[in-house]
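These notes are about the structure you will find just below.
Quick note: the coordinates plus some simple rules give every number you see, no bench work behind them. Model, not experiment: these values are computed from the prediction. Every residue, glycine among them, receives a Cβ derived from its backbone with ideal geometry; neighbour counts consider all protein chains shown.
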Amino acid sequence: MSRIKIFDTTLRDGEQSPGCSMNLKEKIEVAKCLERLKVDVIEAGFAISSPGDFESVQTIAGSVKDCTVASLARATAKDIDCAWEAVKNAADPRIHLFIATSPLHMEYKLKMTPEQVLERTEEMTRRAVKYCSNVEFSCEDATRSDVDFLCRVVEIAIRCGATVINLPDTVGYTTPDEMRQLISTVMGRVPGTEKVEFSVHCHNDLGMAVANSLAGVQGGARQIECTINGLGERAGNTALEEVVMAMRTRPDIYGVEQTRIDTRQIARASRTVYSIIGQKAPLNKPIVGRNAFLHESGIHQHGVLANKRTYEILTPEAVGIRTNNLVLGKHSGRHAFSNHLSAMGYELTDEELNVVFEEFKQLCDKKKDVSDEEIEALVTHSTTVAENEPNGFKLDWFAVQTTNFTTATSTVSLKLGDKKFQEVALGDGPIDAAFQAIDKIVKPIPHTFDIFRIDSTSQGKDTMGDVRIKLMAEGETFSGHGLSTDIFEASIIAYLGALNRLNAWVERQGE
Ligand code: KIV
Ligand code: ZN
C-alpha cells in the first residue's frame with residue numbers, strides 16, 4: 001500500500017469552531033508543531049474569510065518549509081484569487097477549492113441547479129489550475145450526494161486539472177462500509193482517477209470520523225484530512241493522533257510505511273493545541289488523555305507487570321509521553337535541568353534557559369518535587385512572558401480580602417515604567433474584585449471573556465495554578481497566561497498579559 005498523506009486542518013476546520021479561535025502568534029505556534037509532526041499538508045486557513053485569516057495563511061505559507069500549505073476557497077473567482085494571493089509564496093502551495101454537491105445543499109444553500117454546479121466546477125477548477133499546479137477539489141456533503149451526480153462533478157474536476165479529489169462526510173452521517181464503498185465506486189467509475197489522489201474528510205457527529213477515514217483508506221483514499229485533538233465544527237473532525245496511531249498499531253491491516261508522521265511529537269502537539277484553546281484532554285481521550293496509558297484495576301496491573309502487552313497495544317513513548325520521569329527538585333543543577341528539557345523535546349537558547357531555570361528554582365523553594373507537567377508549564381509561561389508587551393502594565397503587589405459572609409475586596413498596585421497606580425474594588429469573589437480594580441487603572445476598551453480557565457499543573461495540593469485567559473474585542477482575541485502557586489496571582493498575571501496585548505493592538509490601530 002502506498003503512503004497515506006496527512007492533511008491537517010486544525011488551523012481551518014478546527015479553528016473555525018466555537019471556542020477554538022486563535023490569534024496569529026498561536027496559529028504560528030500550531031504550524032510549527034505540525035511541521036515537527038511532519039504532516040504532509042497544513043491547511044492554514046480560509047484566506048478570504050477575514051483580513052486576519054489572510055495574514056495568517058500568508059505568514060504560515062512564508063515560514064513553513066517542509067509541508068504543503070493550503071488555503072480553502074469556495075468555487076468563486078474572488079475566493080480563488082484571494083487563496084492564491086495568500087499561499088503563492090509557500091514552498092509548495094495548494095488551493096483547496098470546494099462546492100456542495102448534495103441535493104439539499106445545492107437547493108437551499110447554494111440556490112443552484114445541478115447543471116450550474118457542474119458549470120461552476122469546470123470554470124473554477126480551470127481558474128485555480130492557472131495559478132497553481134496543486135489543486136484539491138472537494139465535493140461538500142459528498143456522502144449525501146447522488147453518486148451518479150458526484151461522479152460527473154469529479155470527472156469534470158479531474159479533466160480540468162484538479163490533482164486531489166476530496167469526498168467529505170461534512171455532517172458526520174456516513175458509516176465505515178458506506179465510506180469504503182463510496183471511495184471505491186467513484187475511483188472505479190470515473191475516468192482519469194489513476195492520475196489523482198483521493199482524500200477523505202470526516203466529521204465526528206456520530207463518533208465515527210476515525211473509523212470512516214480508515215474505511216476510506218481501505219476504499220482507496222491516500223489522503224486523510226484531520227485535526228489535532230479532533231477539533232472542528234460541532235463534534236469535530238477525525239483526530240490526527242487517533243487515525244495515525246490506529247494505522248501504526250495495525251500494520252497487518254494498513255501496511256508498514258503508512259504515514260511520515262513523527263509520532264513522538266504527538267503528545268506535545270496535542271498539549272500545545274489544548275493549551276492555546278484553554279482546554280485539557282478529557283481523561284479518557286484516546287492516545288493523549290491522562291488515563292490513556294494508566295492501569296488502575298488490580299487484574300490489569302498484575303497483567304501489565306508480567307508483560308506490558310497484556311493490556312497495552314501501543315506504548316506511551318511512541319507518542320512522546322515519558323514514563324520514567326526523573327523528578328527534578330531543588331538539588332537539580334542547570335545542566336541536569338537542561339538535559340531534562342531536551343529529553344522532553346525542548347531546545348532553548350541560553351537566555352531562555354536562564355529565565356526558565358530561575359523560575360524553576362523559585363518554584364523549588366515552594367514545593368519539593370517538580371513534575372514534567374510543571375516544567376512544561378514553566379516553559380510555555382516563560383515564552384508568553386517573553387512575548388509580553390514590554391511597555392505594558394506589570395503587577396507590583398495585590399491584596400485580597402475574602403470571607404463567606406462579606407463581599408470580596410481586592411486592592412491592586414500596578415507599575416507602568418516608573419509610575420505606580422493603586423485601586424481597590426469590590427466584586428463577586430476576589431478575582432472579580434481584582435480584575436475590576438485592574439480595569440479602573442488600565443481602562444481597557446470593552447471586551448468579553450472568551451476563555452477564563454484555571455487548571456492545576458499536577459495532582460498535589462501544592463500544585464501551581466495555571467490560568468489561561470482569552471479576551472475578545474472587536475473580533476480579535478488576546479491571550480494571557482499566568483502561572484503561580486497562588487491562583488489569585490496567576491489570574492492577575494494572565495489578565496494583565498491579555499490586557500497589555502489588547503492595549504498594544506488598540507494603539508497599533510490608531511497609528
Ligand atoms: O466538512 C467539509 O465538507 C469541509 C469542506 C470545506 C472540505 O470542511
Ligand atoms: Zn469539514
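Couple of notes before you dig in:
- This model, with +1 at the C-beta of Lys and Arg and -1 at the C-beta of Asp and Glu, gives the chain a dipole about its Cα centre of some 580 debye.
- Whole-Hz couplings from phi, Karplus 6.51/-1.76/1.60, listed for segment 438-452; x for Gly and Pro: 4, 4, 5, 7, 7, 6, x, 5, x, 8, 10, 8, 7, 9, 9
- Within segment 394-509: Cβ-based charge dipole about Cα centre, in debye rounded to nearest 20 (Lys, Arg +1; Asp, Glu -1): 240
- Computed from backbone phi with θ = phi - 60° and the Karplus coefficients 6.51, -1.76 and 1.60, the 3J(HN,Hα) list for segment 115-129 is 4, 5, 5, 5, 4, 5, 4, 5, 4, 7, 5, 4, 4, 5, 6 Hz; x is used for glycine and proline.
- Projected label distance in nm at Thr323 and Ala343, using a 7 Å step from Cα toward the beta-carbon: 1.5
- Antiparallel bridges, percent of DSSP beta bridges restricted to segment 5-276 (to nearest 5): 5
- Relative contact order for the chain: 10 percent, from Cα pairs under 8 Å spaced at least 6 residues apart, divided by residue count.
- Take 125-133, 434-442 and order them by the average number of nearby Cβ atoms within 10 Å per residue, most first; the result is 434-442, 125-133.
- Cβ-Cβ FRET estimate between Arg260 and Phe405, R0 fixed at 45 Å, reported to 0.05: 0.15
- FRET efficiency for Asp252 and Gln509, using Cβ-Cβ distance with R0 set to 60 Å, rounded to 0.05: 0.55
- Each of Val153, Ala473, Ile6 was placed along the dipole of the chain (beta-carbon charges, centred on the mean Cα), and the one lying farthest toward the positive end is Ile6.
- Measuring r between the beta carbons of His302 and Glu358 and using R0 = 45 Å, the FRET efficiency lands at 0.50.
- Counted by neighbouring Cβ atoms within 10 Å, the residues Asp66, Asp418 run from fewest to most as Asp418, Asp66.
- Using the Karplus relation 6.51 cos²θ - 1.76 cosθ + 1.60 with θ = phi - 60°, the per-residue 3J(HN,Hα) values for segment 280-295 come to 10, 5, x, 3, 9, 4, x, 6, 10, x, 4, 8, 4, 10, 9, 10 Hz, with x marking Gly and Pro.
- Only Cα pairs under 8 Å and 6+ residues apart enter the sum, and on that basis the relative contact order of segment 1-66 stands at 37 percent.
- The chain: antiparallel DSSP beta bridges as a percent of all, rounded to 5: 50
- Qualifying GluC sites (Glu not before Pro) in segment 418-485, DSSP loop, other Cβ atoms within 10 Å at most 16: Glu474
- Mean residue ellipticity at 222 nm, helices only, the chain: -13000 deg cm²/dmol; runs of at least 4 DSSP H residues each add -39,500 (n - 2.57), and the sum is divided by the number of residues.
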